[in-house]
Amino acid sequence: MAVLMRVRVYALIFAAIVWVSPPGRAQDSTSPAPTILQPIEVAPPPTSNTVMRTNSMDVLDDKKKLGRNDYVSFRVVEDRDNDSQRLRVNDSGELEVPYIGLVPAEGKSCKELAYRIRGALEKEYYYHATVILALDRVSEKSRGRIYIYGQVKAQGPEELPPNENFTVSKAVIRAGGFGDFANKRKVKVTRKDGSDFTVDLKRVIEEGHTEDDLVLEPDDQVYVPQRLINM
C-alpha cells in the first residue's frame with residue numbers, strides 16, 4: 001500500500017512539471033533572453049561632386065578663376081541622362097563643351113562660364129538650360145613663361161612645366177618644330193638679366209649631345225635665326 005502511495009505522489013509531481021513547462025523546451029533561468037534583430041538602415045554613399053548635388057546656378061563658385069589644365073565637372077540639369085562630364089581647360093585656355101564646341105574659359109569663374117554656356121545652348125538646343133559647372137581639380141601651377149620666336153612654326157609664349165627641366169629643344173618641339181630656313185646651330189637664349197647663350201640644337205637633336213641642351217628659366221627669350229644662305 002505504501003509503495004502504491006509513493007507511485008501516485010511521483011506521478012502527480014511529474015504531471016505538475018509537465019504542465020508548468022512550455023512546449024518545446026524546459027525553461028532555464030540561466031538561458032539568455034532571445035535577441036530581436038532590428039533592421040539596419042543603410043545610409044546612401046556620400047556625394048562629393050557638387051555638380052550632382054545642386055540644380056541651381058545661383059550657388060556656383062564666382063571667386064576662383066579657371067586656368068589652363070584645370071578640370072571641371074559639367075552637367076545640364078534638363079538632360080535626360082542627368083550625368084556629369086569631366087572637361088579640361090586646354091592649353092589655349094578653352095573648354096570644349098558638348099554641342100557648342102570650344103568656349104574661352106581661362107580667367108573666368110565657374111558661375112560666369114556656366115551662364116555664358118547656358119546662353120549658347122539656349123540659342124539652338126534648349127528652350128531652357130540649367131548649366132551646373134564645378135571645379136574638379138586645379139592644375140599644378142606653372143613656374144612662369146618663356147618666349148620663342150624666329151624660325152619656328154608657332155611663335156609666342158610657352159608655359160614652364162612645374163616638375164620638369166624645360167630645355168631649348170623642348171621649347172622648339174612645343175612650338176611645332178623648326179621653320180624651313182632655321183639655323184639650328186645658333187639658337188640664341190637671352191635672360192632677363194641680359195646674359196646670352198648660344199645653343200647648337202643640330203648637335204643636340206641630330207647628334208645626341210643632350211648635355212649641351214640649355215635648361216630654360218622664367219622670362220627667357222629664345223630666338224631661332226634664319227640661315228644666311230637657303231639651299
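The values are calculated or read from the model by the stated rules, or taken from the named source; none is laboratory data. The structure displayed is predicted, hence computed values, not measured ones. All Cβ positions, even for glycine, are placed from backbone atoms using ideal geometry, and neighbour counts span all protein chains on display.
The residue that is farthest from Arg227 (Cα to Cα), among those in the stretch 165-186 that are assigned to a strand (DSSP E or B) and within 38 Å of the chain's Cα centre (by Cα), is Thr167. When Ala26, Ala43, Ala2, Ala15 are screened for being over 30 Å from Pro157 (Cβ atoms), outside the structural domain of Leu121 (by TED's automatic domain parsing), modelled with pLDDT of 50 or more and among the small types (Gly, Ala, Ser), only Ala15 passes.
Every residue, every condition in (1) touching a Pro at 6+ places or on another chain (Cβ under 7 Å); (2) surrounded by 12 or more Cβ atoms within 10 Å (Cβ to Cβ); (3) at pLDDT below 85, yes or no:
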{"residue": "Gly67", "(1), (2), (3)": "no, yes, yes"}
{"residue": "Glu78", "(1), (2), (3)": "no, yes, no"}
{"residue": "Glu94", "(1), (2), (3)": "yes, yes, no"}
{"residue": "Ala129", "(1), (2), (3)": "no, yes, no"}
{"residue": "Arg137", "(1), (2), (3)": "no, yes, yes"}
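Against the criterion of being crowded, with 18+ Cβ neighbours inside 10 Å, outside the structural domain of Glu96 (by TED's automatic domain parsing) and more than 30 Å from Ser109 (Cβ to Cβ), Thr167 qualifies. Checking each residue in the stretch 146-164 for being over 12 Å from Glu217 (Cα atoms) and assigned to a strand (DSSP E or B) picks out Ile148, Tyr149, Gly150, Val152, Gly156, Pro157. For Tyr223, indicate whether it is on the phi < 0 side of the Ramachandran plot, touching a Pro at 6+ places or on another chain (Cβ under 7 Å), in a strand (DSSP E or B) and not basic (Lys, Arg). Taking the combined requirement at face value, the residue does not satisfy it.
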